[in-house]
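Worksheet: the structure to be examined is printed underneath.
Laboratory data are not the source of any read-out in this text; all were calculated from the coordinates shown. On a predicted model such as this, the values are computed, not experimentally measured, just so you know. As a convention, Cβ positions derive from the backbone with ideal geometry for all residues, glycine included, and neighbour counts pool all protein chains shown.
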Amino acid sequence: MVELQNVSVTYSSGVDALNNVSLKINDGDFAFVVGSSGAGKSTMIKLLLKEIDATSGVVTVNGYNLGKLKKRKIPEFRRTLGFVFQDFRLIPSMTVYENIAFVLRVIDAPLKYIRKRVPYVISLVGLHSKTNSYPDELSGGEKQRVAIARALVNDPQLIIADEPTGNIDPELSYEIVELLKGINDQGTTILMVTHEHDLVRHFGGRIINITGGEIVFDEVISGVDEVLPEEELAQAMAEASSVSNTGNIILPDQRIMTPNGEYADADRNGGAE
Amino acid sequence: MKISGFKYLANQGIENIWKNKMMAFATFCVLLISLLLVGGSALFYYNMNSMILGLGNQNEIAVYLNPSTETLRVQQIQAQLENMDNISSVEYISKEEAYNRMQNQIQQGKAIFDYIDSYEFMPDGFKVTVVSNDLIEDTTAQIGSIEEVQSASSSPQVAEFLRELRRVVSIIAIAVIIALSAVSMIMISNTTKASVFARREEIQIMKYVGATNAFIRTPFFVEGMVTGFFAGAGAFFITWAVYRAIFRILMDQGTLVRAFGVGSIIPFDKIQLWVALAYLIVGSLVGALGSVISTRRHIDV
Ligand SMILES: Nc1ncnc2c1ncn2[C@@H]1O[C@H](COP(=O)(O)OP(=O)(O)OP(=O)(O)O)[C@@H](O)[C@H]1O
Ligand SMILES: [Mg+2]
């Protein structure tokens, strides 16, 4: 479970990256976080990993109040979640097997369990033949699948993914999200930051749009590939607390409507990527 | 942590040496050079000290009797000396012994002895050691006043000079050793920092998956310790070879050099155990701590 209550983050440089954000993601949810470049998405992720602390507000992840978490409790907290990043973050000197097994060694899991569990998650992500390869010997998509295997080997309550498809081919992106969806079906909460509107449109689900450090849209929509009934779309638009501070309205399909009824390009609105 | 957990981490530390061969080799070299610099100066100082001590038998009084003194009287005088205050030992040196010593000391002029066929002209004597150097002059005078004593001599000025020399040499040596240790610390710290810096991402990833600091540091500790141990062993063998070579050269120089106290240079066999232990322990400790301390900057994420 993830909960932000009136959270603001101001970097030491003076940039207000998040501004009074409140958000709750329940156990078992799958949520996409979208928004233009520099909107504050990664800042939110860093907050959830306790890489940074909130300037104000309360951040609760898996029952830990991160603002009050003692330094020596951080490892214990981090073991309750998995992470997947755009840049994979695999340890180059370790094989695929060791990279994944490491997470279990950290929690002092019995060797017998490690020997069973690691090959199992490797086969889940379809990398059986690469068990003893080093990260340098893998393609981007393969590396990301190793990262996903590592994130789930520990059976975490929550997996946090910051643009996991950012460095891999668009066709492979669908595969990665399918993989995460499959993990979500087993009950793991997943929070995924992405830039790829096609993905969001395709899969649908809970969409959280952060713009300028604020949540401007937070709704569940069905995949747009399935034709959205007219009334439902209208209702989603009506209910969407999606009026940004400029008065723009963000539509469920990520297009932005200006106050005078015209469409604006979402990316141009938020600045260049 | 379970035993199996520790075994895994220790193995990781040793594997890391292979995986980061270049950095491990750099650390090894820096540790080796540092140990040699500091160890070499310490050994140099140790020998200087021993040489200076050997130069002056600072707390000795050389006592010579009249050559004609009878054996019974010689024994009486010995008993008298042994009963005096401030005297710790009395060693009798017979005419014959004195003659042999002289012959040994004047190697180059050995031919002289071809003309002297008797040691009867030599006096009997004693080598007297005093308890307190401060009273040596009084004691010398006291011995000198004994009948049949031809001369009693000590050299308090020489002793004083040598004491001062030792003091100065010690101060210089300690300063040099401290300076070299400081320079070594800086070199070692920079090398281990560079070695750890190259792996900072690895450390961060480990932190993200929930590894404790101790878990991350144990391999670094083992890695540093093993590297340091080998550097200590290397330093020992180099010292062993160089020390023995120098020792042999000096010992082959004969009496002239020996006069400067070179005879008091300590043979390596006598100290090799301590040298080896010092190198291995200091090497392992500095290697391990250097590597662990260097992780500090990257581990707080
Ligand atoms: N360490 C930092 N110090 C100072 N400012 C920062 C730091 N990290 C991010 N920022 C600023 O905070 C704002 C939000 O950045 P953030 O990385 O959260 O954006 P983002 O939504 O993840 O963007 P992108 O989609 O490009 O990854 C930006 O203006 C950025 O310049
Ligand atoms: Mg980002």
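A few remarks follow.
- Zone residues, the stretch A:138-156, relative to A:E178, backbone N less than 19 Å from point 7 Å out along Cα-to-Cβ: A:139-149
- In a DSSP loop and with at most 16 other Cβ atoms within 10 Å, the trypsin sites (Lys or Arg not before Pro) in the stretch A:36-73 are A:K70.
- For the stretch A:142-162 versus the stretch B:149-208, the inter-centroid distance based on Cα atoms is 52 Å.
- The stretch B:64-96: GluC sites (Glu not before Pro) in DSSP loop, at most 14 other beta carbons within 10 Å: B:E70
- Least to most buried among B:I52, B:I61 (fewest other Cβ within 10 Å first): B:I52, B:I61
- Remark: spin-label model distance B:M84-B:S189 equals 5.8 nm, labels positioned 7 Å along the Cα→Cβ axis.
- Look at A:F88, B:F121 and count the other Cβ atoms within 10 Å of each Cβ; fewest to most, that gives B:F121, A:F88.
- Counting other Cβ atoms within 10 Å as a rough exposure proxy, the listed residues A:M44, B:M22 run B:M22, A:M44 from fewest neighbours to most.
- Across peptide A:86-94, the mean count of Cβ atoms from other chains lying within 10 Å of each residue's own Cβ comes to 4.
- Lys, Arg +1 and Asp, Glu -1 on Cβ, resulting dipole of the stretch B:60-154 about Cα centre, debye, nearest 20: 260
- Within-14-Å neighbourhood charge of B:T27 [Cβ basis; K, R +1; D, E -1]: +3
- Inter-chain Cβ neighbour count for A:105-117, averaged per residue, equals 3 (cutoff 10 Å, partner chain atoms only).
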